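First up is the structure itself, then whatever we jot down about it.
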Amino acid sequence: MSNELSRSINPVAAPSVTKKEYGATERVPHSAARNMSFWDMLATWIGANANNGTWYIGGVMAGLAFGGAIAVTLIANPIAYFFMALVGYMGYKAGTSTMALTRPSFGIRGSKLPSAINLTSFVGWTAVNTFIAAISISFLLKGSLGWPAFGEKGSAKSMIVGILIMSVLHLISISLGHRSVKMIERFGMILIGVLGIWETIVVLRNVSFSQILSWHPSVASSLPFGSAMDTMAAFSLAWIPAIAEFTRYTKRRASATVAPMIGANVGLFWFAFVGIIATIATAVASGTFDPNNSDPSTIASKLGLGWLAMVVIILTSTTANAVNLMAAGITLTNISKKIKPITALWVSTIAAVLLTFVPLLFGTFLDAFISFLDYLGMVLGPLIGIMVTDFFIVRKRNYDVPAFEEVKGKYWYSSGFYWAGLIAWAIGVVAFVLLHNLPFFKATTGATYPVLILSGLLYWLFTRIHK
């Protein structure tokens, strides 16, 4: 029987719907296996974005003063989450993971390169969120055992214990794959709502809104608008390579596109806003602005929010990292099919534990954080531009999913590599490096979105030439 006839009879080549988790290139059939509703997706992406990392990025944006920080948040993030909705639709239609969706634009073997980078990205994000949550644990340990908290001499012991506690919570959150993540996000959204409302009220009780509006950082600590655009764009674009891991389990298009776009924007704007006003309020109250101390635990401690705030910060970190680890684990199965999905989730979690200790070696956590975001903007902008161009413009929304695995098939190209995608991506990365620090881009748009568009255009031109 020919491949084409086989596909017409069994178009999804479906594994059993009772599988706990699907590998990267396995197509999730439109059946009982697609069990994530609109509200599940809304909760997942609110939970992914309303967390300590978003609070922290809001504190970093405070270097623009209130008006500039809000402007960057309202410009950079909706653009990123529009692209996330597009990739979410790709996952819904094809039924595969995000990194499997790079096979048509990079080749079956070529897709392993973005997969490897994506793996480091999500393991890195897990480490970032874990480190910030460990800071909260260090404050709790100071209150209960008298141990030094983060930033104090001898705090390494508290941070190590905090990292290990968070790692146990992460292993629990991904123990059943997307099903346990779904349960974590439903519970986490309630806690996030309580924390966001409560801490907004407490901040505005300590410092008036008029004081927040009138505050400005010193020239030395101010942040250029374009640099802030790059930082915020990278922060939000980093979620896109995780979106299809969840939209492949949705039955309706709106659940795959509208729900995550609304949830991500609401969650991010809410907690970035809290981070912005909390950091500015602390600067007003103390007379000192230091973005190194914009993490939620330090701010909560200085504003006297108490131990309950620390506990909620720890739990909301788990909601974000459940998504990070899900994406990292499934990405690993796109690199090697020999690793089963649940095993890949555990391997990714252990790798994140080890990486979380790295910021302890830097002079400041902020230096490590900004360097990480620059790296993400450099590699993810071009990647997303190429993926979206390939699916919506070059392939006209039509992927042959069974061919994702076919050696010498449609997506094999030149020994498994599609040079149109790889070269366009490489040019995009170089363009970001060249443009990122130019005065015009630092002061205005940043380099991330211009390079995303450039990479997509180059890819389209290369595919026309290839024909």
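How many of the residues in the stretch 213-255 are hydroxyl-bearing (Ser, Thr, Tyr) and part of a loop (DSSP other than H, G, I, E, B)? Spell out how you get there, then give the answer.
Within the stretch 213-255, the subset hydroxyl-bearing (Ser, Thr, Tyr) is 214, 218, 221-222, 227, 231, 236, 247, 249-250, 255.
From what's left, part of a loop (DSSP other than H, G, I, E, B): 218, 221-222, 249.
Total meeting the criteria: 4.
Would the stretch 100-115 turn up any residue that is under 30 Å from residue 160 (Cβ atoms), more than 14 Å from the chain's Cα centre (by Cα) and small (Gly, Ala, Ser)?
Checked against the condition, which is being under 30 Å from residue 160 (Cβ atoms), more than 14 Å from the chain's Cα centre (by Cα) and small (Gly, Ala, Ser), the stretch 100-115 yields no hits at all.
Among the residues of the stretch 275-288, are any at pLDDT below 85, closer than 29 Å to residue 149 by Cβ, in contact with a Ser or Thr (Cβ under 6 Å, 6 or more places away or on another chain) and surrounded by fewer than 24 Cβ atoms within 10 Å (Cβ to Cβ)?
no
For the structure I just gave you, tell me whether residue 465 is part of a helix (DSSP H, G or I), closer than 27 Å to residue 122 by Cβ and of a type outside the set (Ser, Thr, Tyr).
The answer is no for residue 465.
Could you tell me which numbered condition residue 109 fails, if it satisfies all but one of (1) surrounded by fewer than 24 Cβ atoms within 10 Å (Cβ to Cβ); (2) outside any loop (DSSP other than H, G, I, E, B)?
So residue 109 meets the others, but not (2).
Quick one: count up the residues across the stretch 411-460 that are under 19 Å from residue 110 (Cα atoms) and either of a type in the set (A, V, I, L, M) or surrounded by fewer than 19 Cβ atoms within 10 Å (Cβ to Cβ) (or both).
16
Would you point out the residue of the stretch 208-231, among those that are of a type in the set (A, V, I, L, M) and surrounded by 21 or more Cβ atoms within 10 Å (Cβ to Cβ), that is nearest to residue 276 (Cα to Cα)?
Among them, the one singled out is 212.
Somewhere in the stretch 97-105, is a residue surrounded by fewer than 24 Cβ atoms within 10 Å (Cβ to Cβ) and either closer than 21 Å to residue 255 by Cβ or modelled with pLDDT of 95 or more (or both)?
No, there is no match, as no residue in the stretch 97-105 is surrounded by fewer than 24 Cβ atoms within 10 Å (Cβ to Cβ) and either closer than 21 Å to residue 255 by Cβ or modelled with pLDDT of 95 or more (or both).
What residue, of 57, 79, is aliphatic (A, V, I, L, M) and at pLDDT 95 or above?
Details: 57 fails: at pLDDT 95 or above.
Matching residue, one of 57, 79: 79.
Within the stretch 331-357, which residues are farther than 17 Å from residue 243 by Cα and of a type in the set (S, T, N, Q)? Give the derivation first.
Of all residues in the stretch 331-357, those farther than 17 Å from residue 243 by Cα come to 335-340, 342-344, 346-357.
Matches in the stretch 331-357: 336, 343, 348, 349, 356.
The values are calculated or read from the model by the stated rules, or taken from the named source; none is laboratory data. Bear in mind that the values here come from a model prediction, so they are computed numbers and not experimental data. Cβ coordinates were reconstructed from backbone atoms using ideal geometry, including for glycine residues, and neighbour counts include every protein chain displayed.
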